[in-house]
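Data first, discussion second: the structure below is written as structure tokens.
Bear in mind that the values in this text are calculations on the coordinates, not laboratory data. As the structure is a computational prediction, the values presented were derived from the model and not from experiment. In this analysis, Cβ positions are derived from the backbone assuming ideal geometry, glycine residues included, and neighbour counts consider all displayed protein chains.
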Amino acid sequence: MTQTRSKHLSDKALLKPNLNAKPLPHPISTIKLMPDTATMPAFYSRSQSSEPVSVTKGVRIFLASRSPRRRELLSDAGYLFDFDHPGLEDSELVDGDVTPRQWVASLAYLKARAGVEVARQTRRTPDIVLGADTACVMDGRLIGTPRNAAEARTMIAAFADREHEVVSGLALVCMNTGRRTLASDAARVWVGSISDTEIDEYIASGMWQGKAGAYNLTERIAAGWPIRYEGDPATIMGLPMIVLADRLERFLRQPPPKESIV
């Protein structure tokens, strides 16, 4: 993640909102998928635990992201949504004195809030705007999306024969009232030995572009990389679906405020 300071968002308090609920506990299991698994694209998105429940069906979501992985997760889980780039360059921001999970939740909120304005300007009428952000953490250091091939290679080489954490944050903002909720989730990833040739071929393919930590979980498993993980695989993919399903349901069940705050 680029560490340059924004002129417009220098107040750390803005990037450290009150996360109004603790991260959601859920069962954690260790799964190791084999490269020849035929159903790999569906294993995380159509799980019963992440499908929309009754109160969320029919809710129109605006995803403040163009990420194909997040779109696939929402689509396969059955959500109704539209999407667009929020117009926010998070590379201009610094993490400051916050935890990795607070940081990704904060960025998710900034993206969702910017997404509200994008939806208005483009005359969209969603019920909820969803923002998300993902980063990797290793040795206490945040690792975001690589800016170039050299950075991507450094990231992948650092992950080899090591364990790292992936943190994903999400934010929901009510389009009509501005009411919000933030949440985050974390998963652990172990990457085995990867040869220099494999890394070079991967970097040359360009498949690292636009991905936190320079990789996509299911793509790399399908390619035969030795990867093991613990936690919700959708969290590693960029959108914690188990947390989203629960948080969205609770958010929609809350009574609306008496006055709009937008």
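How do the peptides 222-229, 120-127, 64-71 rank, highest first, by the average count of neighbouring beta carbon atoms within 10 Å per residue? Could the numbers behind the result be given before it?
Values: 222-229: 17.1, 120-127: 12.9, 64-71: 19.9.
My ranking of the peptides, most packed first, is 64-71, 222-229, 120-127.
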Item to check | In sequence order, calculated HN-Hα J values of the stretch 147-164 (Karplus, 6.51, -1.76, 1.60; Hz; x Gly/Pro) | outcome: 8, 7, 5, 5, 5, 4, 5, 4, 5, 5, 4, 5, 6, 4, 6, 9, 10, 9
